[in-house]
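**Student:** One structure coming up, written as C-alpha cells, with questions to follow.
Taken together, the values in this text are just the output of simple stated rules run on the coordinates, not laboratory data. This one's a predicted model, so the numbers in the text were calculated from it and none came from an experiment. Backbone-built Cβ (ideal geometry, glycine too); neighbour counts: all protein chains shown.
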Amino acid sequence: MNLNKYNKIGIIGFAREGRSILNYLEKINFQGEVYIMDRDISLEYPDTFLNVSMLLGKTYLDSVFDLELVFKSAGVPANTPALLEASKKGVEFSSNVNLFFAINKKPVIAVSGTKGKSSTVTFIDNVLKKSGFKSQLVGNIGNPILDYINADVDYFVFEISSYMLESFQGEIDYGVFTSFFPDHMDTHGSFENYKKAKFNFFKVCNKLYVNDFNQDVKNYLDSNKIDYISFADANVKFFDGKLLVDNNIYDIGLDLGTEILNNFIGAISCLLNLNIPIKFILEGLKNFKKLPCRQEVFVSKDGIRFVNDSASITPESTIAAVKNFKDDLEVLILGGQNRGYDYSQLNNLIIDLNIKHVLVLPDLNTIDFPFEFKSFENLQDLITYIVDLDLKSGTVLFSPGGASYNFYKNFYERGIFFLSSIKKHGLIS
C-alpha cells in the first residue's frame with residue numbers, strides 16, 4: 001500500500017492505534033500533511049518531524065471531508081454520521097489493522113469471540129514459544145499490530161475485536177472463535193450490527209475452529225456454507241482435570257474453569273494442526289496463569305476466596321463465573337453500566353442457587369431484580385459491609401456483569417480498585 005501517493009492523511013483517535021499509524025508514517029518518511037483528529041482537547045502535540053496538524057475537541061471531525069485517506073481507530077464508531085458522509089464523498093478509510101494485512105507476509109493466528117479472546121491468544125502464544133517458534137502477541141490485547149510489521153517472527157497471534165472486524169480487509173490464516181452473545185451494542189448501535197461485525201471473522205479465515213454452540217453462529221455458518229471445525233467435533237476434550245486428544249488421556253492436574261478450557265479446545269485443535277508436539281501443549285496448560293481481572297483467586301488467611309472477575313461486563317460472563325464458584329459462593333457483587341442487556345438467565349441462576357448475599361453497585365442497582373439484594377452507591381461502602389459480615393468461609397465473587405465506564409477508565413482499573421480495597425481492609429494480604 002503506497003501511502004506516499006496521498007497528500008492529506010487523517011488519523012481519527014490518537015491513542016495506541018493512532019500513535020502506531022503516526023509511527024509508521026515516520027518510518028516511510030511520509031511527505032504529505034497529517035491531521036490528528038480526536039475529541040480529547042488535552043492531547044499534546046507529538047514529537048515528530050512530520051507535517052502534523054491537531055484537530056481536537058467537539059469539532060474534531062469537521063475537516064474530515066478535506067482529506068484523501070483516513071485511518072480510523074477501532075473504538076471510533078463506523079456509523080458516525082460525519083464519517084458516513086465523508087465516505088460518500090470519496091474519502092478513503094482504513095485502519096491500523098487493514099494496513100498491516102495489506103503489507104504482512106507472515107502467518108497469522110487470530111482469535112475472536114465475545115469472551116475468552118485474551119486468555120486464548122495468551123495460551124497459543126505461550127505454547128508456540130515453548131515449541132521453539134518466534135511468535136508475537138498483537139491486537140486488542142494491547143499491542144498495536146502495525147508496530148510489529150517488520151518483526152522477525154514465525155507467527156503473529158492476533159486478538160481481533162468486533163470493532164476491528166467491522167471494516168476488516170485481509171486474509172487470516174488460522175481463526176479460533178470462542179463464544180458469542182450480545183455485547184458492545186452501545187457502540188455498534190444494535191445487536192444485528194454487532195453480529196454482522198463479529199461474523200465477518202468467519203469469511204476471512206482460511207482455517208477455522210468455532211464454538212458453534214450459539215444457534216445464531218451455527219445458522220450463519222451453515223447458511224453461508226462456510227467450512228469449519230466445530231469445538232464439539234474436535235478430537236480434543238477436557239474432563240475431571242484431564243485432557244483427551246485422539247483417544248489419549250493426559251493428566252493436566254488443574255481446573256481453569258469450564259469457560260477457559262472450552263475456549264482452549266479450539267486453540268489446541270489449531271496448534272495440533274500446526275504439528276505442535278503434545279508435550280508443549282501440556283506444558284502450556286500446566287503453566288497457564290489466569291489473566292488479571294479474569295476469575296483471579298485470592299485467598300485470605302482464614303481460607304476465604306476473593307475472586308476478581310472485573311472483566312465480566314455481560315450477564316453471560318457472570319453466569320460462567322457463578323457456575324465455576326457455585327459450591328461455596330457466599331457473596332456475589334454486581335454492578336456497572338446498565339446497557340439494557342437481558343439478565344433473566346442470571347436472575348434464574350441466582351434464585352436457583354439461593355446465593356445468600358447479592359450486593360449491587362450502580363447502575364445495575366436501578367434494575368428491579370427478582371431476588372433479594374442490597375444496594376450500594378460505591379465500592380468502598382460495599383467492602384465495609386463485607387468486613388462487617390465477618391465471613392468464616394466461602395467465596396466472595398466480584399463479577400459485575402456490567403461495563404466499567406460509569407466510574408472507571410476500563411475493567412482493569414475497576415479490578416485493581418477492588419483488590420486495593422479488600423487489601424486495605426485486611427481481607428487479603
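**Student:** With unit charges on the beta carbons (Lys and Arg positive, Asp and Glu negative) and the dipole taken about the Cα centre of the chain, which residue among Pro315, Ile41, Ala102 sits farthest to the positive side?
**Tutor:** The listed residue farthest towards the positive side: Ala102.
**Student:** Let me ask something additional. For Asp240 and Tyr6, FRET efficiency with R0 = 56 Å and r from the beta-carbon atoms, rounded to 0.05?
**Tutor:** It comes to 0.45.
**Student:** How many nm is it between the label spots at Asn338 and Tyr45, if each spot is 7 Å from the Cα in line with the beta carbon?
**Tutor:** About 4.7 nm separates the two model spin labels.
**Student:** Considering only Ser429, Ser230, Ser269, whose Cα is most displaced toward the positive end of the charge dipole of the chain, charges sitting on Cβ of Lys, Arg (+1) and Asp, Glu (-1)?
**Tutor:** So the residue furthest toward the plus end is Ser269.
**Student:** About its Cα centre, how strong a charge dipole does the stretch 99-286 have in debye, to the nearest 20, once Lys and Arg get +1 and Asp and Glu get -1 at the Cβ?
**Tutor:** So the dipole magnitude of the stretch 99-286 works out to roughly 280 debye.
**Student:** Oh, and also: So which lysines pass the test for Lys323, namely a Cα distance under 25 Å, with those fewer than 8 places away in the same chain ruled out?
**Tutor:** In chain and number order, the partners are Lys115, Lys117, Lys218, Lys237, Lys242, Lys286, Lys289, Lys290, Lys301, Lys356, Lys374, Lys392.
**Student:** So, one more: Distance between the C-alpha centers of the stretch 34-87 and the stretch 236-271? Whole Å please.
**Tutor:** Value for the Cα centre distance between the two parts: 45 Å.
**Student:** Full-extension gain between Thr384 and Ser87, please, as 0.36 nm times their residue separation minus the C-alpha to C-alpha distance.
**Tutor:** Values: separation 297, 0.36 × 297 = 106.92 nm, distance 5.29 nm.
Here the answer is 101.6 nm.
**Student:** While we're here: Taking H as built 1.01 Å from N, whose amide H comes closer than 5 Å to the amide H of Val176, not counting residues under 5 places away?
**Tutor:** Those qualifying (amide H under 5 Å, at least 5 residues apart or on another chain) are Ala110, Val111, Ser112, Tyr209.
**Student:** If you don't mind, there's one more thing I want to ask. Classify the chain as rounded, prolate or oblate, taking a ≥ b ≥ c as the square roots of the eigenvalues of its Cα gyration tensor: rounded when a/c is under 1.5, otherwise prolate if a/b is larger than b/c and oblate if not.
**Tutor:** oblate
**Student:** Work out the FRET efficiency for Lys225 and Lys409 from their Cβ-Cβ distance, taking R0 = 45 Å, and round it to the nearest 0.05.
**Tutor:** E between Lys225 and Lys409, to the nearest 0.05, is 0.55.
**Student:** So which of Lys58/Lys89; Lys27/Lys105; Lys134/Lys195 end up more than 30 Å apart by C-alpha?
**Tutor:** Those over the limit are Lys134/Lys195.
**Student:** What's the Cα-based Rg to Rh of the stretch 3-94, Rh via Kirkwood?
**Tutor:** Numbers: Rg = 12.1 Å, Rh = 13.1 Å.
Dividing the radius of gyration by the Kirkwood radius yields 0.92.
**Student:** When the Cα centres of the stretch 397-429 and the stretch 278-353 are compared, how far apart do they sit, in Å?
**Tutor:** 13
**Student:** Take the chain, connect every pair of alpha-carbon atoms lying under 10 Å apart with a spring to form a Gaussian network, then pick out the residue of Asn126, Asn206, Asn96 with the largest mean-square fluctuation.
**Tutor:** Asn206
**Student:** Taking 0.36 nm per residue of sequence separation and subtracting the Cα-Cα distance, how much length would be gained by fully extending the chain between Ala151 and Phe417, in nm to one decimal?
**Tutor:** Residue separation times 0.36 nm, minus the Cα-Cα distance, leaves 92.2 nm.
**Student:** Something else: Rounded to the nearest 20 debye, what is the charge dipole size of the chain about its Cα centre when +1 sits on each Lys and Arg Cβ and -1 on each Asp and Glu Cβ?
**Tutor:** In debye, rounded to 20, the chain gives about 780.
**Student:** If you don't mind, there's one more thing I want to ask. Placing +1 at every Lys and Arg Cβ and -1 at every Asp and Glu Cβ, with all other atoms neutral, what dipole size does the stretch 3-94 have around its Cα centre, in debye to the nearest 20?
**Tutor:** So the dipole magnitude of the stretch 3-94 works out to roughly 220 debye.
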